[in-house]
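Engineer: For reference, the structure I am asking about is given below.
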């Protein structure tokens, strides 16, 4: 496969489908791992905090824990690559309307 060929994929989280285009198979692996990790985090939060008012709380809690992890990493190392990564994630989320 040529290196400039883009892949159309669909990522699933919480029974929601997110069609997207990625640059290569390696990027596809990253997105699929991220989706799986998000799903695991949501399942963990549901099991740990069963009395939240509604489902939105789980999503916000998951986002907060991910970003806290990113900030911890950012504080330990050169933050430029992580800032770029977070900006990329934010752009993708905006494209998806999330």
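Engineer: Restricting to the stretch 65-98, give me the number of residues that are over 18 Å from the mean Cα position of the chain (by Cα) and either surrounded by 11 or more Cβ atoms within 10 Å (Cβ to Cβ) or under 20 Å from residue 15 (Cα atoms) (or both).
Structural biologist: Of all residues in the stretch 65-98, those over 18 Å from the mean Cα position of the chain (by Cα) come to 75-80.
Next cut, either surrounded by 11 or more Cβ atoms within 10 Å (Cβ to Cβ) or under 20 Å from residue 15 (Cα atoms) (or both) only: 79.
Within the stretch 65-98, residues that are over 18 Å from the mean Cα position of the chain (by Cα) and either surrounded by 11 or more Cβ atoms within 10 Å (Cβ to Cβ) or under 20 Å from residue 15 (Cα atoms) (or both) number 1.
Engineer: Regarding residue 22, is this residue at pLDDT 95 or above, surrounded by 12 or more Cβ atoms within 10 Å (Cβ to Cβ), on the phi < 0 side of the Ramachandran plot and within 17 Å of the chain's Cα centre (by Cα)?
Structural biologist: In short, yes.
Engineer: Scan the stretch 48-64 for residues that are surrounded by 13 or more Cβ atoms within 10 Å (Cβ to Cβ) and under 16 Å from residue 38 (Cα atoms) and jot them down. Give the steps one after another, and end with the answer.
Structural biologist: Just the residues of the stretch 48-64 that are surrounded by 13 or more Cβ atoms within 10 Å (Cβ to Cβ), to begin with: 52, 57-59, 61-63.
Answer for the stretch 48-64, where residues must be surrounded by 13 or more Cβ atoms within 10 Å (Cβ to Cβ) and under 16 Å from residue 38 (Cα atoms): 57, 58, 59, 61, 62, 63.
The values are calculated or read from the model by the stated rules, or taken from the named source; none is laboratory data. Note that the coordinates shown come from a computational prediction; the quantities given were computed from them, not determined experimentally. With ideal geometry, Cβ positions are generated from the backbone for all residues, glycine too; neighbour counts draw on all protein chains shown.
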